[in-house]
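Structure, as C-alpha cells:
The values are calculated or read from the model by the stated rules, or taken from the named source; none is laboratory data. Given the structure is predicted, the values throughout are model-derived calculations rather than measurements. Here the Cβ positions follow ideal geometry from the backbone for every residue, glycine too, while neighbour counts run over all protein chains shown.
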Amino acid sequence: MKALIQRVSEASVTVDNLCIGAIEQGLLVLLGVEKHDTPVEADKLLHKLLNYRVFADSQGKMNLSLKDVKGGLLLVSQFTLAAETQKGLRPSFSSAAAPIQAQELYAYIVAQARIQHPQVATGQFAADMKVALVNDGPVTFLLET
C-alpha cells in the first residue's frame with residue numbers, strides 16, 4: 001500500500017462540480033492499493049498516517065502528528081500510485097490491486113480512520129475527481145507498507 005501524504009492548510013475533492021470532501025489544516029492522503037495488500041497493511045498505514053510527525057511544534061520542528069494537532073484527514077483513492085515506472089516510457093499497472101480488492105481496502109481504511117480520528121473526509125472511489133489543495137511547506141512524503 002502506498003500513500004502520498006501532503007501537509008495542507010486546506011484541501012478538497014470535487015466530483016461533477018460538487019464538493020464531496022474537504023478539510024482545513026491536516027493531511028491530504030492519495031492512497032494506492034497493490035495486489036499483495038491486506039487489512040494488516042491498511043492498519044499499519046493508518047497508524048502511521050495518524051501518528052507521523054509532520055506538523056511543527058512551538059520551536060518550528062516537525063514533532064507533532066495529525067492526532068496532536070487535531071487536523072483533518074482527507075483520503076483519496078489514487079490508482080496511479082501503484083504504477084511501476086522503472087522501465088520504459090509508459091507506466092505499468094500490473095502490481096495494482098483489482099478494482100474490487102482496491103475498493104474493499106479503501107473502504108476498510110476509511111472506516112477504520114473514522115473510528116480512530118474525528119475529522120475524516122474522502123474522495124469517491126473510481127470517480128473522476130478534482131483535488132484542490134494548499135500544500136503547507138511544501139511538505140510531502142511517500143509512505144509504503
Within the stretch 109-144, track down each residue that is under 13 Å from the mean Cα position of the chain (by Cα) and either under 18 Å from GLU41 (Cα atoms) or not aliphatic (A, V, I, L, M) (or both). ILE109, VAL110, ALA113, THR122, GLY123, GLN124, PHE125, THR140, PHE141, LEU142, LEU143, GLU144
Within the group GLN25, GLN59, GLN6, which residue is more than 20 Å from TYR106 (Cα to Cα) and touching an Asp or Glu at 6+ places or on another chain (Cβ under 9 Å)? GLN25
Some residue of the stretch 112-129 being in contact with a helix residue (DSSP H, G or I) (Cβ under 7 Å, 6 or more places away or on another chain), closer than 21 Å to LYS48 by Cα, assigned to a helix (DSSP H, G or I) and among the aliphatic types (A, V, I, L, M): yes
Take the conditions at pLDDT below 95, more than 25 Å from PRO138 (Cβ to Cβ) and of a type in the set (Lys, Arg) and apply them to LYS35. Does it pass? no
Looking at the stretch 73-99, which of the residues that are in contact with a His (Cβ under 9 Å, 6 or more places away or on another chain) and surrounded by 17 or more Cβ atoms within 10 Å (Cβ to Cβ) is farthest from THR38 (Cα to Cα)? LEU73
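Quick grid of which residues meet (1) in contact (Cβ under 8 Å) with a residue 60 or more places away in the chain; (2) crowded, with 21+ Cβ neighbours inside 10 Å; (3) within 16 Å of LEU133 (Cα to Cα); (4) not aliphatic (A, V, I, L, M):
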position: LEU4; (1), (2), (3), (4): yes, no, yes, no
position: ARG7; (1), (2), (3), (4): yes, yes, yes, yes
position: LEU27; (1), (2), (3), (4): no, yes, yes, no
position: LYS44; (1), (2), (3), (4): yes, no, no, yes
position: ALA56; (1), (2), (3), (4): no, no, no, no
position: GLY60; (1), (2), (3), (4): no, no, no, yes
position: GLN101; (1), (2), (3), (4): yes, no, no, yes
position: GLU104; (1), (2), (3), (4): no, no, no, yes
position: ALA107; (1), (2), (3), (4): no, no, no, no
Only one of these is touching a His at 6+ places or on another chain (Cβ under 9 Å), modelled with pLDDT of 95 or more and of a type in the set (A, V, I, L, M, F, W, C): LEU46, LEU30, LEU18. Name it. LEU46
Can you tell me which residue in the stretch 24-44 is nearest to the chain's Cα centre (by Cα), limited to those that are assigned to a loop (DSSP other than H, G, I, E, B) and of a type in the set (Val, Ile, Thr)? VAL33
